[in-house]
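Student: Sharing a structure with you now.
The values are calculated or read from the model by the stated rules, or taken from the named source; none is laboratory data. All values reported here derive from a predicted model rather than from experimental measurement. Neighbour counts run over all protein chains shown; Cβ positions are idealised from the backbone, glycine included.
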């Protein structure tokens, strides 16, 4: 039996190794499926649902669904893109985001996805939540206002740094990422070079005194949109 | 509360953890015991638990903050949790809430100055046929009214025990009066059917099962065409077969008694009146799939049944129906333990239930792998609900054809229904599959029903034109809840209650469910406040569709149903509330600038 599986995405004939998720299999074939909570090297958890595709007619998260032989996948359709837009808009409405003054502007995946998906303004009402800022650490802070609860930092800390220092508390709309200490970030073993710090896709985990080192205009998504690396085969 | 000496406290917490063998997987039990001993799980206690179990404090805090009945802040020594479900609201929730507040002298969310009483709201506690109901120090109080609420608070203040208050107010029917239960809950078991309440010879099904091969037992369940009674309706025999064929070093049988769907209380009645049948079903499932271990996951709301259920298990052990060489079958060992939850609707989802039993936050898992492949502790795990397992025992005892004959060809057997709301005879009914809603309404005394919520909030809200539809898998499948809404009710208030429930109970893992349900709830509020337009109705439908199609588990995939089905079936109720303008600001401009106008002496020109 071959170790390759055949499938189609939006009609394009593709092939990928067995054991790949739909999202990875698509990327192997130069097809970008928008995503936010997924990150290479981390266990996928399907929490943001931005990578929702249709596999054989049924909605599924591309990051957690294994590719099966002969799968017919829909990705770049009006319906799915509107679904993704809605999810991104929900995230903008749920937190307190301030792109124009955020030091991650231009390298923020949430913002980049909003541009890629042509979001002008959220269809949902802003919720203006009260969220905490943990600035107890000398060189790192976590701003709950910009956090999207994707859990990339939590997984990176545990899976890449080998430290159980971050986790989720609360449930429903009250879910928050928190440091594993009564003293906040200052009470845990974390440093600016840790993978968990780099894993944040938005401006929630910030290393102090590094803002604007890369000028606006030269940042990650200033010249090419998010996903362009996958589509050009450079990812 | 006086501060405890940290050394003493640390010692006590160590002792508590010891009772759970210091196992990380028993974290829920440890924190439940700490909560019960101190009325809270404080920051300091979280640290101590983490140290004792050798896990990070955030894991402990994550669990404490996830479950409803655990809290870092102190509850009263006698915590009162008043159920705020839709039926409770219909039957006098507000009046009872006010009476509790007045007599206790505090508002909901507070604790009395002497630390005696705390008042909180809670989601449905499985007593919808006797609302309003409350859990007081873990014991259910039903059929409340203002006078009873005042009497209860006075009794607590006078130093009476909660059990003494229960005894004063009178014990309930059937086994509720059993010395090991002594509860005022009523079963209201109005129709006993042949499957779940027919005469049962203890052990008969099990002895028949062990005389067969495990595969033959699975074949019987398959032949009976039994589909899971929890609502999803997956063929039970197939699930057993998948599980029995999955590779693993150990298999597990879970009985899902989380029953969090508002309006559902069939599990409660089955476990009170016929627990042997349920345990018999679990045990023969264990035989069929080759498992030595069964776990009954019981929601915390039903913990008052625990001593009684433990006693039933002890009896079964004595009679050789549990333990070593069960039912005389050499080599078939099977044990059952009871895992109590800590208050979370989502734990009724099978993979969330497994996470909870492993001592984690009750968040659902991604699938695949399915629990039958990789479940509890990574091993093949069979999760069936209470009624399903009970039915399995009867199928093996009486034969598949007998079971099929009780229902329709596509939907075999009977269905246990819990009926609540505006009807003369609320309670539990075992009825044949295929019965129409109209028939049911006539049986329970609700000929004038405006609407029926079939399957709880996650089901459908239907009106008269659909009353001839049938309860069965090929028409209207249901986990068993029928909430009847009479013509005198404001239907949309019920819908709003359901949406608040989903906002409260979403686990928060995925974006569409976590955020989307809040958006739907606030949009409903906007409409009630008179600021809604036709666009808002379209938004409700669009957003509901998005949430359903993008959510990760059954909660978000069904939570918009109350809105979507009432928009279809009762659209005029919404239209009465909206304005015809295409756009409308969400606030009253004139009122908002009134102060400024006053101060400047100007008048607002809205023309």
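Student: Considering only residues that are out of contact with any helix residue (DSSP H, G or I) (no Cβ under 7 Å at 6 or more places or on another chain) and not in a loop (DSSP other than H, G, I, E, B), look in region A:21-52 and name the one that is farthest from the other protein chains (Cβ to nearest Cβ).
Tutor: Result: A:28.
Student: Being within 27 Å of residue A:115 (Cα to Cα) and crowded, with 16+ Cβ neighbours inside 10 Å: is that true of residue A:165 here?
Tutor: Taking the combined requirement at face value, the residue does not satisfy it.
Student: Every residue in region B:361-382 that is part of a helix (DSSP H, G or I) and buried (at least 19 other Cβ atoms within 10 Å of the Cβ), please. First the steps, then the outcome.
Tutor: First pass over region B:361-382, keeping only residues part of a helix (DSSP H, G or I): B:376-378.
Within region B:361-382, just B:376 meets the criteria.
Student: May I ask you to list the residues in region A:162-186 that are part of a helix (DSSP H, G or I), more than 9 Å from chain B (Cβ to nearest Cβ) and touching a helix residue (DSSP H, G or I) at 6+ places or on another chain (Cβ under 9 Å)?
Tutor: The answer is none; no residue qualifies.
Student: Within region A:104-122, which residues are in a loop (DSSP other than H, G, I, E, B) and buried (at least 16 other Cβ atoms within 10 Å of the Cβ)?
Tutor: A:104, A:105, A:106, A:107, A:108, A:117, A:119, A:122
Student: In addition: Hey, could you check region B:62-107 for residues that are closer than 24 Å to residue B:265 by Cβ and assigned to a loop (DSSP other than H, G, I, E, B) and say which is farthest from the chain's Cα centre (by Cα)?
Tutor: B:92
Student: In addition: Just need a number here: residues in region A:145-161 that are more than 12 Å from chain B (Cβ to nearest Cβ) and either out of contact with any strand residue (DSSP E or B) (no Cβ under 6 Å at 6 or more places or on another chain) or modelled with pLDDT under 95 (or both).
Tutor: 8
Student: I'd like to check which helices (runs of 4 or more DSSP H) are fully inside region B:241-354 and have at least 3 residues that are at pLDDT 95 or above, buried (at least 24 other Cβ atoms within 10 Å of the Cβ) and away from chain A (no Cβ under 14 Å).
Tutor: Where helices (runs of 4 or more DSSP H) fall fully within region B:241-354 and carry at least 3 residues being at pLDDT 95 or above, buried (at least 24 other Cβ atoms within 10 Å of the Cβ) and away from chain A (no Cβ under 14 Å), they are B:266-273, B:275-289.
Student: Could you name every one of the helices (runs of 4 or more DSSP H) located completely within region B:531-580 that has at least 1 residues being over 19 Å from residue A:50 (Cα atoms), out of contact with any strand residue (DSSP E or B) (no Cβ under 6 Å at 6 or more places or on another chain) and free of Cβ contacts under 8 Å to residues at least 24 places away in the same chain?
Tutor: B:534-550, B:561-569, B:571-575
Student: In region A:56-69, what count of residues is obtained for those that are surrounded by fewer than 22 Cβ atoms within 10 Å (Cβ to Cβ) and touching a helix residue (DSSP H, G or I) at 6+ places or on another chain (Cβ under 7 Å)?
Tutor: Counting residues in region A:56-69 that are surrounded by fewer than 22 Cβ atoms within 10 Å (Cβ to Cβ) and touching a helix residue (DSSP H, G or I) at 6+ places or on another chain (Cβ under 7 Å) gives 1.
Student: Do the conditions hold for residue B:528, that is, is it more than 9 Å from chain A (Cβ to nearest Cβ) and at pLDDT below 95?
Tutor: yes
Student: Another one. Looking at this structure, is residue B:126 under 24 Å from the mean Cα position of the chain (by Cα), without any contact (Cβ under 8 Å) to a residue 24 or more places away in the chain, away from every other protein chain (no Cβ under 14 Å) and not in a helix (DSSP H, G or I)?
Tutor: no
Student: Sort out which residues of region B:184-206 are under 26 Å from residue B:319 (Cβ atoms) and within 22 Å of the chain's Cα centre (by Cα), and write them in order of number.
Tutor: Across region B:184-206, the qualifying residues are B:187, B:189, B:196.
Student: Somewhere in region A:96-119, is a residue on the phi > 0 side of the Ramachandran plot and within 14 Å of chain B (Cβ to nearest Cβ)?
Tutor: Looking for residues that are on the phi > 0 side of the Ramachandran plot and within 14 Å of chain B (Cβ to nearest Cβ), one finds none in region A:96-119, hence no.
Student: Confirm whether residue B:420 is in contact (Cβ under 8 Å) with a residue 24 or more places away in the chain, more than 14 Å from chain A (Cβ to nearest Cβ) and closer than 19 Å to residue B:227 by Cβ.
Tutor: no
Student: Within the bounds of region B:563-578, is there any residue that is at pLDDT 95 or above, surrounded by fewer than 23 Cβ atoms within 10 Å (Cβ to Cβ) and within 11 Å of chain A (Cβ to nearest Cβ)?
Tutor: Checked against the condition, which is being at pLDDT 95 or above, surrounded by fewer than 23 Cβ atoms within 10 Å (Cβ to Cβ) and within 11 Å of chain A (Cβ to nearest Cβ), region B:563-578 yields no hits at all.
Student: From the list B:94, B:54, B:61, exactly one residue is surrounded by fewer than 17 Cβ atoms within 10 Å (Cβ to Cβ) and within 14 Å of chain A (Cβ to nearest Cβ). Which is it?
Tutor: B:54
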